[in-house]
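Each value in this text was obtained by applying a stated rule to the coordinates, not by laboratory testing. Note that the structure is a prediction, hence the values are computed from the model and not measured. With ideal geometry, Cβ positions are generated from the backbone for all residues, glycine too; neighbour counts draw on all protein chains shown.
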Amino acid sequence: MIPVIALVGRPNVGKSTLFNRLTKTRDALVANFSGLTRDRKYGEASYQEQRFIVIDTGGLSGDEEGIDAAMADQSRLAIEEADLVLFLVDCRAGLTASDEQIASFLRQRSKPVMLVANKIDGLNHDVATAAFYELGLGEVHGIAAAHGRGVTQLLSDVFDTLPTLALASNSPADEMALDTTEGEGLQTELVEHELAPSEDAPIAKGIKIAIVGRPNVGKSTLVNRMLGEDRVVVFDMPGTTRDSVYIDYERFGQMYTIIDTAGIRRRKNITLAVEKFSIVKTLQAIADANVVILMIDAEEGIVDQDLHLMGQVIDAGRALVVALNKWDGLEQEHKTYVKSELERKLRFIDFADFHFISALHGTGVGHLYESIEKAYQAATDKLSTNFLTRILQGAVATHPPQMVNGRRIKLRYAHPGGNNPPIIVIHGNQTDAVPAHYTRYLEKAFRKALDLHGTPLRIQYKSSE
Ligand code: GDP
Ligand code: GDP
């Protein structure tokens with residue numbers, strides 16, 4: 001599982017500045033929920049190849065009423081979702097009463113906290129951080145988020161702490177209520193297990209499918225559909241905000257595991273203690289899946305959040321199938337409009353299948369499986385060095401790369417470098433100078449020759465010069 005780190009502190013201590021530095025953010029995901037005044041921002045970051053999720057929160061004043069109360073809710077949710085909290089304070093402002101209130105608020109949660117004193121630039125580290133030891137939260141990590149000072153050290157400390165946490169917090173997963181009476185007529189065998197962050201990931205028996213999308217696009221409805229007509233096993237999932245439900249099942253002899261980010265909800269009277277939609281769950285599910293079904297609500301058209309989610313799937317290198325849901329009952333005019341939107345906004349995804357479905361009525365759902373299988377095959381097929389090299393040489397012969405400094409870029413051979421996503425490693429000379437458009441040309445050639453459909457493809461270069 002990807003670790004999750006929440007940034008907490010009063011306004012103006014530099015949380016956004018640190019968030020931006022960590023995520024170099026281009027595509028922050030914003031949790032949008034009606035009724036809440038300030039959103040949480042989610043971004044992905046990495047430290048020494050280890051990816052992690054950062055959550056930025058509006059800020060806690062320590063004295064929460066009115067608008068502050070809503071902001072505090074955001075922080076609370078972020079803290080709940082996090083493995084570790086970075087509590088930011090401001091060296092220039094010194095220790096404030098709010099800081100003390102937040103510290104006691106944090107002490108009440110049983111979450112690991114690291115105290116970070118920001119804006120240390122131009123100050124003596126020991127002098128500037130001394131006052132904050134009074135908060136009783138252990139070591140004070142001095143940083144300057146705006147300039148980067150101390151940030152690498154901070155991450156190093158964070159990652160030293162995280163593995164210990166995973167061992168220490170061996171908390172049992174929340175109990176789930178199993179309603180067997182509704183399981184009658186069950187035709188597939190469903191085995192459900194919750195993935196607790198502290199446990200080893202379950203060994204999936206088949207193709208792992210994550211169903212992701214914004215709130216209300218129809219994820220739960222689709223999960224129920226995919227598991228089969230009326231084959232509803234009801235697990236009411238109380239509890240954890242961040243753990244998806246993993247459901248193993250079999251269809252025509254093929255094993256699948258659905259990673260259900262929405263939670264199958266059937267009984268009307270469930271009061272969900274937790275938010276229905278969780279970005280952490282979504283990002284974790286994408287990371288853990290072989291194939292992602294990205295659902296879009298065709299009634300609403302394609303919105304930014306859909307594109308951001310799609311960006312996450314591509315960044316993670318996962319095979320992708322796009323399902324435009326609620327296709328039932330749409331006016332012809334609206335259907336035409338949605339299709340033109342697809343043309344316009346999603347032209348950059350030329351490798352994925354698009355399906356127009358109705359999860360509610362089941363229309364088109366069976367066909368999703370064809371795309372899932374195809375994408376999975378493409379993402380995981382073994383590639384041979386020989387074949388890759390022949391494709392490379394053919395492509396280079398048809399269109400040689402340009403001259404750089406009077407010498408030709410030489411691309412000699414290619415070999416597989418990994419699966420899901422497939423990685424093709426190309427060896428040659430001056431590969432640093434290969435222009436992006438030439439890489440795209442090669443990618444096309446590989447895709448065509450290998451019949452790679454439904455998965456992102458990565459090309460990496462190794463230069464012998
Ligand atoms: P937030 O409200 O906690 O998200 O705080 P911001 O990230 O918006 O920062 C508040 C102010 O502090 C801004 O004016 C930043 O430029 C400034 N700031 C942030 N980090 C640093 C830093 O490392 N050093 C200094 N001197 N100023 C900083
Ligand atoms: P989730 O939040 O993504 O899990 O979305 P749900 O599965 O809970 O669905 C949200 C709402 O959309 C519910 O009222 C569903 O009945 C409705 N819905 C889901 N799929 C379809 C569909 O294919 N067509 C129509 N018309 N409504 C749908």
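Only sites in a loop by DSSP and with at most 15 other Cβ atoms within 10 Å count here; which chymotrypsin sites (Phe, Trp or Tyr not before Pro) in the range 346-455 make the cut? List each step's numbers first, then the result.
Values: sites: F348, F351, F354, F356, Y369, Y376, F387, Y413, Y438, Y441, F446; in loops: F348, F351.
Those satisfying the criteria are F348.
What whole number of Å gives the distance from the Cα centroid of the range 353-417 to the Cα centroid of the range 423-465?
After rounding, the separation between the Cα centres reads 10 Å.
Kindly provide the trypsin sites (Lys or Arg not before Pro) of the range 378-453 that DSSP labels as loop, not H, G, I, E or B, and whose Cβ sees at most 12 other Cβ atoms within 10 Å.
K382
What nm distance separates the two modelled labels at L360 and Q377, each placed 7 Å from Cα along Cα→Cβ?
Distance between label points: 3.5 nm.
Please work out the Cα convex hull volume for the range 364-415 and give it in Å³ per residue.
119
How many Lys pairs in the range 271-378 lie less than 28 angstrom apart by Cα atoms, where the lysines are 8 or more positions apart or on different chains?
For the range 271-378, the number of qualifying lysine pairs is 13.
For Y413, what is the net charge nearby, where nearby means another residue's Cβ is under 13 Å from its Cβ and Lys, Arg count +1, Asp, Glu -1?
Neighbourhood net charge equals +4.
Kindly provide the trypsin sites (Lys or Arg not before Pro) of the range 332-367 that DSSP labels as loop, not H, G, I, E or B, and whose Cβ sees at most 16 other Cβ atoms within 10 Å.
R347
If I take R0 = 51 Å and measure r between the Cβ atoms of A397 and S340 in this structure, what FRET efficiency does the formula 1/(1 + (r/R0)^6) give, to the nearest 0.05?
Result of the calculation: an efficiency of 0.85.
Between A433 and R92, what FRET efficiency comes out of the Förster formula 1/(1 + (r/R0)^6) with R0 = 45 Å and r the beta carbon distance, rounded to 0.05?
Details: r = 46 Å, r/R0 = 1.02.
After rounding to 0.05, the efficiency reads 0.45.
Once both labels are modelled 7 Å past Cα along the beta-carbon direction, what's the S156-K24 spacing in nm?
2.0
Through the Karplus equation 6.51 cos²θ - 1.76 cosθ + 1.60, θ set to phi - 60°, convert the phi angles of the range 403-415 into ³J(HN,Hα) values in whole Hz; use x for Gly and Pro.
Working through the residues one at a time gives 7, 10, 6, x, 10, 7, 5, 10, 10, 9, 8, 9, 9 Hz.
Quick check: residue separation of E300 and E139 times 0.36 nm, minus the Cα distance between them. What number comes out in nm?
Taking 0.36 nm per residue and subtracting the Cα distance, the gain is 53.1 nm.
How large is Rg/Rh for the range 381-462, to two decimals, with Cα atoms and a Kirkwood Rh?
Details: Rg = 12.1 Å, Rh = 12.8 Å.
Checking Rg against Rh, the ratio lands at 0.95.
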